[in-house]
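The values are calculated or read from the model by the stated rules, or taken from the named source; none is laboratory data. As the structure is a computational prediction, the values presented were derived from the model and not from experiment. Don't worry about glycine lacking a Cβ; one is built from the backbone with ideal geometry, like all the others, and counts go over all protein chains shown. In case anyone asks, the SASA skips ligands and DNA or RNA and just uses the protein heavy atoms, side chains included. Shrake-Rupley method; radii C 1.70, N 1.55, O 1.52, S 1.80 Å.
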Amino acid sequence: MKKIGIITSGGDSPGMNACIRAVVRTAVHQNIEVLGFYKGYEGIIDNNSVKLDTTSVSGIIQRGGTILKTARSQRFMTEEGINKAANNLKQNGIEGMVIIGGDGSFKGAIELSKRINIPIVGCAGTIDNDLIGTDFTIGYDTAINTVVEAVDKIRDTAESHDRIFVIEVMGRDAGLIALRSAIACGAEALLVPEMKNDINTLMTKIKNWRSSKSSKIVIVAEGEEFGGAYKVGDLIRKTCPEFDVRVTVLGHIQRGGNPTCMERVNASLVGYNAVLALMNGHKNEMIGIVNKKITYTPFEKAVKHIEKLDDGLLNMIEILSS
Ligand code: F6P
């Protein structure tokens with residue numbers, strides 16, 4: 001293998017730069033040239049690329065975002081776009097690809113692999129942590145730490161005013177950011193897309209919250225069924241007018257910032273192993289870390305969302321928040 005390509009695609013996530021650095025430096029060490037395409041699949045379609053070497057990835061391990069930029073390419077969802085991308089890869093002499101992204105990016109990789117016979121491997125880059133085949137996606141650890149820091153601050157003011165705060169975290173299809181941060185922040189309630197939430201049970205629970213507990217935090221994943229934190233806040237106000245309710249949507253703050261130590265280490269590990277995987281004949285697989293071991297999961301399996309949250313953890317939240 002003489003030349004590989006790399007993209008970051010979909011929503012950005014802290015740690016993507018650490019992964020790019022690992023891919024580039026490992027490849028250079030193996031005498032493999034690396035071409036980085038800007039803005040994910042868009043850059044492949046437009047042939048918008050940059051040759052990456054050891055120095056191009058200096059000083060980026062600690063930076064959030066992605067130096068290659070990213071996009072959710074609409075054009076790549078068309079036959080014309082995918083064919084153009086496949087042709088451009090052929091013309092650039094690309095013999096292998098590393099895709100850093102989430103489920104949409106890997107679905108794209110499956111389509112691309114039908115048009116060009118080169119090995120493609122993926123590094124799971126999304127704050128949502130919703131891919132099958134890895135314990136932690138790149139960005140998740142930093143995002144949950146950002147959420148925890150923000151909720152701790154909100155807890156201070158909630159406590160001073162005896163208020164309920166409904167806090168919305170990211171996760172259109174996945175409640176894993178919500179679940180973990182709810183545990184870490186001692187949230188009193190949690191609403192996630194994976195569970196059928198019974199609003200009456202929630203309201204009864206709110207009404208019964210013991211009065212000695214002055215602040216109450218309800219963590220809501222953006223994709224839950226009632227339509228987000230503002231709607232949930234209104235429902236609580238209507239049903240429990242005795243409470244003073246405020247709503248905070250954390251939004252894209254969760255996608256930025258310096259990656260945590262764990263993020264940098266995991267991102268480096270998957271980036272390093274992605275290049276080795278390409279050299280060892282892996283194709284159409286996502287490189288993950290499960291129980292501290294490097295794993296290879298076929299894209300088709302990885303993109304299937306985690307559909308069920310850990311019942312044991314959900315149960316624990318109930319008990320610990322009482
Ligand atoms: O997939 C990552 C994610 O941050 C989701 O949690 C969120 O729903 C979505 O991206 C937001 O995407 P965008 O930045 O394109 O609005």
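Looking at the structure I just gave you, is A124 surrounded by 23 or more Cβ atoms within 10 Å (Cβ to Cβ), assigned to a strand (DSSP E or B) and among the small types (G, A, S)? In short, yes. When residues of region 84-115 are filtered for being among the basic types (K, R) and farther than 12 Å from N284 by Cβ, how many remain? So the answer is 3.
Filtering region 8-24 to residues that are open to solvent by 10 Å² or more (accessible area, probe 1.4 Å) and part of a loop (DSSP other than H, G, I, E, B) leaves G10, G11, D12. Here P193 fulfils each of the conditions (1) in a loop (DSSP other than H, G, I, E, B); (2) free of Cβ contacts under 8 Å to residues at least 40 places away in the same chain; (3) more than 16 Å from the ligand (Cβ to nearest atom) apart from (3). If you filter region 187-198 down to residues that are of a type outside the set (D, E) and out of contact with any Lys or Arg (no Cβ under 8 Å at 6 or more places or on another chain), you find that the one that is most open to solvent (accessible area, probe 1.4 Å) is K196. Counting only helices (runs of 4 or more DSSP H) that sit wholly inside region 25-116, those with at least 1 residues that are in contact with a Ser or Thr (Cβ under 6 Å, 6 or more places away or on another chain) and under 30 Å from I253 (Cβ atoms) are 41-46, 103-113. Within region 20-50, restricting attention to residues that are in contact (Cβ under 8 Å) with a residue 60 or more places away in the chain and within 16 Å of the ligand (Cβ to nearest atom), the residue that is farthest from A85 (Cα to Cα) is G40.
Check whether at least one residue in region 215-236 is surrounded by fewer than 18 Cβ atoms within 10 Å (Cβ to Cβ), in contact with a helix residue (DSSP H, G or I) (Cβ under 7 Å, 6 or more places away or on another chain), closer than 30 Å to T70 by Cα and not hydroxyl-bearing (S, T, Y), and report yes or no. Checked against the condition, which is being surrounded by fewer than 18 Cβ atoms within 10 Å (Cβ to Cβ), in contact with a helix residue (DSSP H, G or I) (Cβ under 7 Å, 6 or more places away or on another chain), closer than 30 Å to T70 by Cα and not hydroxyl-bearing (S, T, Y), region 215-236 yields no hits at all. The residues on offer are K153, K114, K205, and the sole one that is within 25 Å of the chain's Cα centre (by Cα), over 25 Å from V290 (Cα atoms) and more than 15 Å from the ligand (Cβ to nearest atom) is K153.
Applying the set (1) of a type in the set (K, R); (2) free of Cβ contacts under 8 Å to residues at least 40 places away in the same chain; (3) closer than 16 Å to V270 by Cα to K90 leaves exactly one unmet item: (3).
Looking for something in contact with a strand residue (DSSP E or B) (Cβ under 6 Å, 6 or more places away or on another chain), more than 14 Å from the ligand (Cβ to nearest atom) and at pLDDT 95 or above - is there at least one such residue anywhere in region 222-230? Checking region 222-230: at least one residue is in contact with a strand residue (DSSP E or B) (Cβ under 6 Å, 6 or more places away or on another chain), more than 14 Å from the ligand (Cβ to nearest atom) and at pLDDT 95 or above. Against the list (1) within 16 Å of the ligand (Cβ to nearest atom); (2) open to solvent by 20 Å² or more (accessible area, probe 1.4 Å), the condition E263 fails is (2). Scanning region 131-176 for residues that are open to solvent by 60 Å² or more (accessible area, probe 1.4 Å) and among the basic types (K, R) yields K153, R172.
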